[in-house]
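Chemist: Take this structure first; my questions come after.
Any read-out appearing in this document is the output of simple, stated calculations on the displayed coordinates, not a laboratory observation. Please read all numbers here as calculations on a predicted model, not as lab measurements. Note: ideal-geometry Cβ built from the backbone for every residue, glycine included; neighbour counts use all protein chains shown.
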Amino acid sequence: MNKYTWPIVIGIILGSTLSIAYLWQVRRTTPGASGLPTETTSSTPAPTQKLTTWNDQAGFVFQYPDGLSVNKHDEDNENYAHIEFMSKTHPGGLIVWAKDTTAPNVSAWVRSETRFTDAPVLDTVLASQPAKKIMLTSPKRMLIVGTVSEAIVFSVEATLDDSDYWTGVHKTITDSFKFAPLPGEKVSSAPGPSSSQNAAGEEPVDEEEVLE
């Protein structure tokens, strides 16, 4: 071993020692490096959406997100209910309808509506009764759920300009939609037949959204 070898060996050993010491120090000061659980800061949970209850004189009740503007369309003398919901910050809207129909059941109602031709139609429920969910793409993108009871079609129709927002509003309303007794009526005489069978003899849908 010549006179230059020893300094090189010593330099290598010293460098290795310093590297090991540095890595050990970094491991000590790095959070979680010891393998022990470290405290984490959780984000603040999103506030629960505040809902308002709508009780309609046409014999139904539902909930909708607070803050929406509501137009009852009192000028509409043709339909039992024409309730329009709008938002200042979300384009689109939603209307809850109660209209006369000659269709004996919800399937016949769908067939009678020319705007539903060739549109995807799903089986669902509304107010515990057989209902249909229809997706329209033209002339506007819309999501519609409707049922027929006592020769009246009850429908919830959302215009999906802001799809995520109005789909959520639509779900809130349809999930909470229930028939209620009219003023002066007993609970048993609320609009619509019993949950076991509707006026046209259609059995209730057990599965949520079965493609028609």
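Chemist: Can you tell me the order of 117-128, 140-151 when each peptide is scored by its average per-residue count of other Cβ atoms within 10 angstrom, highest first?
Modeler: Values: 117-128: 16.9, 140-151: 20.3.
Result, highest mean first: 140-151, 117-128.
Chemist: State whether the stretch 108-189 is rounded, prolate or oblate according to the following rule on the C-alpha gyration tensor (a ≥ b ≥ c being the square roots of its eigenvalues): a/c under 1.5 gives rounded; otherwise a/b larger than b/c gives prolate, and the remaining case gives oblate. Walk me through the intermediate numbers first.
Modeler: Numbers: a/c = 2.58, a/b = 1.53, b/c = 1.69.
Oblate, because a/c is 1.5 or more while a/b does not exceed b/c.
Chemist: Which value, in debye to the nearest 20, describes the size of the charge dipole of the stretch 47-181 about its Cα centre when Lys and Arg Cβ atoms bear +1, Asp and Glu Cβ atoms bear -1, and nothing else is charged? Can you show the working numbers first?
Modeler: Values: 12 positive and 17 negative charges, 68 e Å.
Around 320 debye, computed over the stretch 47-181.
Chemist: So for LYS178, LYS50, fewest C-beta neighbours within 10 Å to most, what's the order? Numbers along the way, then the final one.
Modeler: Working: LYS178 14, LYS50 8.
The most exposed by this proxy come first: LYS50, LYS178.
Chemist: Provide the gained length on full extension for the span GLN63 to LYS171, in nm with one decimal, where the gain is 0.36 nm per separating residue minus the Cα-Cα distance. Before the final figure, lay out the partial values.
Modeler: On the way: separation 108, 0.36 × 108 = 38.88 nm, distance 1.02 nm.
Additional length available on full extension: 37.9 nm.
Chemist: Greater than 25 Å separation of Cα atoms is the criterion. Which listed pairs, LYS50/LYS88; LYS132/LYS171; LYS88/LYS133; LYS99/LYS171; LYS88/LYS132; LYS140/LYS171, meet it? Let's see the in-between values first.
Modeler: Values: LYS50/LYS88 17 Å; LYS132/LYS171 14 Å; LYS88/LYS133 27 Å; LYS99/LYS171 21 Å; LYS88/LYS132 29 Å; LYS140/LYS171 19 Å.
Over 25 Å Cα-Cα: LYS88/LYS133; LYS88/LYS132.
Chemist: With labels modelled as points extended 7 Å from the Cα through the Cβ direction, what inter-label distance (nm, one decimal) is found for HIS90 paired with SER138?
Modeler: Rounded to a tenth, the inter-label distance reads 2.8 nm.
Chemist: Check which residues have an amide H placed less than 5 Å from ARG141's amide H, if you skip close sequence neighbours.
Modeler: Correct list: LEU160.
Chemist: If you don't mind, there's one more thing I want to ask. So for HIS73, HIS90, HIS82, HIS170, fewest C-beta neighbours within 10 Å to most, what's the order? Walk me through the numbers before you get to the answer.
Modeler: On the way: HIS73 13, HIS90 16, HIS82 19, HIS170 22.
Ascending Cβ contact count within 10 Å gives the list HIS73, HIS90, HIS82, HIS170.
Chemist: Fewest first, what order do TYR165, TYR64 take by the number of other Cβ atoms within 10 Å?
Modeler: Working: TYR165 17, TYR64 20.
Ordered by Cβ neighbours within 10 Å, fewest first: TYR165, TYR64.
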